[in-house]
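Everything below concerns the one structure shown next.
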Amino acid sequence: MEITELFPDGTSINSKGHFEIGDVDLVDLANQYGTPLYIYDENTIKNICYEFIHSFRKYWKDTHILYAAKAFINKPLAQLMMSENLGLDIVSGGELAVAQSVQFPPSSIYFHGNNKSKDEISMALDYKIGRFVVDNFAEIELLTELCQKKNVVQDVLLRLSPGIDAHTHVKTTTGILDSKFGFSIVTGDAMDAVSSILKSKNLNLIGFHCHLGSPIFELEPYKLGIESMMEFISSTITMGVDFKEFSPGGGFAIRYLKTDKPPQVESYAKMIVETIVKECSKYDMSVPKIVIESGRAIVGRAGVALYRVGSTKDIPNVRKYVSLDGGMGDNIRPSLYGSKYQPYLVNRVAESDSEKVTLSGKFCESGDILVEEAVLPQLHEGDLIALPASGAYSPAMASNYNLNPKPPIVLITKNGTSKLIRKGETYEDLMSFDVL
């Protein structure tokens, strides 16, 4: 059986006919930690971080790569990103708290979000983070007020909405006119926001940001978005904007299915940087520092979800349901976005695919389906199913629906050993905040 690019680096089939990652048998991990189980591979994360840094700096040296914490963050992962010299793109006080707990360099933290609270902004100012990515007029007022009270001058980027459709899922498209994020160029809000920030003695506008959506399987939306933004930015220079940084966001796609064909990281880098350089030349502007944000593309392929087969229900001439011990509580993406995954039988890898089944979750929703149409060997109770490419937006979006505990998370280290990086929750944990 061919090991596809869906799995982490170093994935193979051992003599027992089991999947293993870095010489760690996934069956052994399931037996040791239980299921559902999320497994991340350290070498894959490190390799992808290097690929992003190398690819973008090949075309423009002054490029900074940020890890988008919303894809998944905890203390060990924050430490890993820090060790790889990545910055951090955060969207909440919780993500900032994780960064603080590991002493993540504040100058490398960028705070995004469309509704930052007063407490979150104060927390970030006290930690002296590098940049706020300003999203709306209310934030300009609140940030100015808090900076005045703290006698701080804060560097900011302005989030623009360029009105570009990235051709991704409607719920993850963010660069169009009808979006809750950013200042629209078309309506004039963006120019009004520039004027407002320039009037503030406590805000220092040093650049611009946009995010078109995710995952983006095409290169053209980046080109169109950058062109739209650069035309706008060129008109702000005479107003006194010191254009030092430019962020086209992220949204880089990965393979979830064998048939998916996302661009290579270097292809994204080439298109993005060459368009920025061309547009800066066109408008006689110096090329600024380029800031790239990536979450899914850094941890997505590095993560594998592991489930155990439970009950089955065969409806003649309709479908066969095979229930797993996880589902929408640990991975909401199939239910929320219609996201698709490629499942694999872990403990009998050599067996040929023989039947089409629906892999359903254990949660009390008819829509709790992890894989609608899976072609697999005949499954039995106790078999192990892996969903590769599960590292992004699975644990990060997990819930305790039906009062199910969130699963443990294991890291396969660069030395080829397994290490628990997040404990599985217990029933006691679920009740720990209840008050009688």
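Would you mind stating whether LEU157 is at pLDDT 95 or above, in contact with a His (Cβ under 6 Å, 6 or more places away or on another chain), assigned by TED's automatic domain parsing to the domain that holds ALA269 and within 22 Å of LEU125 (Cβ to Cβ)? Judged against the criteria, LEU157 is a match. Identify, by number, the condition in (1) within 15 Å of ILE45 (Cβ to Cβ); (2) part of a strand (DSSP E or B) that VAL375 doesn't meet. Result: VAL375 fails condition (1) only.
Selection of the range 243-269 for residues being in contact with an Asp or Glu (Cβ under 8 Å, 6 or more places away or on another chain) and part of a strand (DSSP E or B) yields SER247, GLY249.
Can you say whether TYR283 is among the aromatic types (Phe, Trp, Tyr), over 30 Å from PHE19 (Cβ atoms) and surrounded by fewer than 16 Cβ atoms within 10 Å (Cβ to Cβ), as far as the supplied structure shows? So TYR283 passes the test. Taking only pairs six or more apart or across chains, which ones have beta-carbon atoms under 7 Å, a first residue in the range 3-31 that is more than 15 Å from ARG308 (Cβ to Cβ), and a second residue that is in a helix (DSSP H, G or I) and not small (Gly, Ala, Ser)? Matching pairs, first to second residue: PRO8/THR44; ASP9/ASN43; ASP9/THR44; ASP9/ASN47; GLY10/ASN43; GLU20/LEU26; GLY22/ASN43.
Residue check: PRO407 meets all listed conditions (1) out of contact with any helix residue (DSSP H, G or I) (no Cβ under 7 Å at 6 or more places or on another chain); (2) buried (at least 17 other Cβ atoms within 10 Å of the Cβ); (3) not in a loop (DSSP other than H, G, I, E, B) but one, namely (3). Out of everything in the range 312-330 that is closer than 25 Å to PRO395 by Cβ and touching a Phe, Trp or Tyr at 6+ places or on another chain (Cβ under 9 Å), what residue ends up being surrounded by the most Cβ atoms within 10 Å (Cβ to Cβ)? Across the range 312-330, the extreme among qualifying residues is GLY326.
Quick one: is GLU274 at negative phi and touching a strand residue (DSSP E or B) at 6+ places or on another chain (Cβ under 7 Å)? Taking the combined requirement at face value, the residue does not satisfy it.
Return yes or no: is LYS258 under 25 Å from LYS61 (Cα atoms) and surrounded by fewer than 18 Cβ atoms within 10 Å (Cβ to Cβ)? Break it down into steps so the answer makes sense when it comes.
On the way: under 25 Å from LYS61 (Cα atoms): no; surrounded by fewer than 18 Cβ atoms within 10 Å (Cβ to Cβ): yes.
No.
Within the range 230-254, residues that are closer than 17 Å to LEU157 by Cβ and among the β-branched types (Val, Ile, Thr) sit with their Cβ atoms under 7 Å from residues that are in a helix (DSSP H, G or I) and at pLDDT 95 or above, at 6+ positions apart or across chains, in these pairs: THR236/VAL194; VAL241/VAL194. Taking the range 357-396 as the range and being aliphatic (A, V, I, L, M), touching a Lys or Arg at 6+ places or on another chain (Cβ under 8 Å) and more than 28 Å from LYS16 (Cβ to Cβ) as the test, the residues that pass are ALA392, ALA396.
Taken over the range 64-80, residues that are in contact with a Ser or Thr (Cβ under 9 Å, 6 or more places away or on another chain) and among the polar types (S, T, N, Q) amount to 0.
Every residue in the range 31-70 that is of a type in the set (D, E, K, R) and under 21 Å from GLU266 (Cα atoms), please. Within the range 31-70, LYS46, GLU51, ARG57, LYS58, LYS61, ASP62 meet the criteria. Picking from residues in the range 207-242 that are outside any loop (DSSP other than H, G, I, E, B) and among the hydroxyl-bearing types (Ser, Thr, Tyr), the one that is farthest from VAL91 (Cα to Cα) is THR238. Inside the range 105-128, residues that are assigned to a loop (DSSP other than H, G, I, E, B) and under 17 Å from SER83 (Cβ atoms) make up a count of 1.
Restricted to the range 274-369, the set of strands (runs of 3 or more DSSP E) holding at least 2 residues that are more than 30 Å from PRO221 (Cα to Cα) comprises 303-315, 319-324, 355-360.
Table: residues versus (1) under 21 Å from GLN32 (Cα atoms); (2) touching a Pro at 6+ places or on another chain (Cβ under 8 Å); (3) modelled with pLDDT of 95 or more; (4) acidic (Asp, Glu).
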| residue | (1), (2), (3), (4) |
| --- | --- |
| ALA389 | no, no, yes, no |
| LEU411 | yes, yes, yes, no |
| THR417 | yes, no, yes, no |
| ILE421 | yes, yes, yes, no |
| LEU436 | no, no, yes, no |
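With the structure loaded, tell me whether ASN14 is surrounded by fewer than 24 Cβ atoms within 10 Å (Cβ to Cβ) and either closer than 30 Å to TYR110 by Cβ or among the aromatic types (Phe, Trp, Tyr) (or both) or whether it fails that test. Taking the combined requirement at face value, the residue does not satisfy it. Residue count for the range 21-63 satisfying the condition of being of a type in the set (A, V, I, L, M, F, W, C), farther than 17 Å from GLY326 by Cα, crowded, with 19+ Cβ neighbours inside 10 Å and touching a helix residue (DSSP H, G or I) at 6+ places or on another chain (Cβ under 9 Å): 6. Against the test of being outside the structural domain of LYS313 (by TED's automatic domain parsing), surrounded by fewer than 22 Cβ atoms within 10 Å (Cβ to Cβ) and out of contact with any Gly (no Cβ under 8 Å at 6 or more places or on another chain), the options LEU436, LEU420 yield a single qualifying residue, LEU436.
The values are calculated or read from the model by the stated rules, or taken from the named source; none is laboratory data. Everything quoted here is computed from the prediction, not taken from an experiment. Neighbour counts run over all protein chains shown; Cβ positions are idealised from the backbone, glycine included.
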